[in-house]
Amino acid sequence: ALATLMFSGACASASLTIFFMWDVNLCGAYSRLACRQFALSVTLAFMTWLLQAASSFSGFWLLVSFF
């Protein structure tokens, strides 16, 4: 359940970052915004989700292997 919530949060952040950076071009209009940091945080959110999903899968596999 936690992996699903993390994935939905990462996808929502990615969609907003893409909307602000390319669709609206808000980063070009307002140079004071830290758009590179937004993109970096989205990348790190997806990496965190991948690690958490791998951990959940390995825990599930370990649980199943006992039975």
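The values are calculated or read from the model by the stated rules, or taken from the named source; none is laboratory data. It should be emphasised that the depicted structure is a prediction, and the values quoted were computed from it without experimental measurement. We work out accessible area using only protein heavy atoms, side chains counted, and drop any ligands, DNA or RNA first. Shrake-Rupley method; radii C 1.70, N 1.55, O 1.52, S 1.80 Å.
A few comments on the model shown:
- Potential lengthening between ALA53 and SER8 on full extension [0.36 nm per residue; Cα-Cα distance subtracted]: 14.9 nm
- Rounded to the nearest 10 degrees, the angle from helix 2-18 to the longest Cα principal axis of the chain is 20 degrees.
- Rounded, prolate or oblate (a/c below 1.5 giving rounded, otherwise prolate when a/b exceeds b/c) for the chain by Cα gyration tensor: prolate
- Relative to the longest principal axis of the Cα atoms of the chain, the long axis of helix 35-65 lies at roughly 10 degrees.
- Accessible area of the stretch 1-66 belonging to carbon and sulfur atoms, whole % at 1.4 Å probe: 73 percent
- Probe 1.4 Å - accessible area at THR43, Å² to nearest ten: 70 Å²
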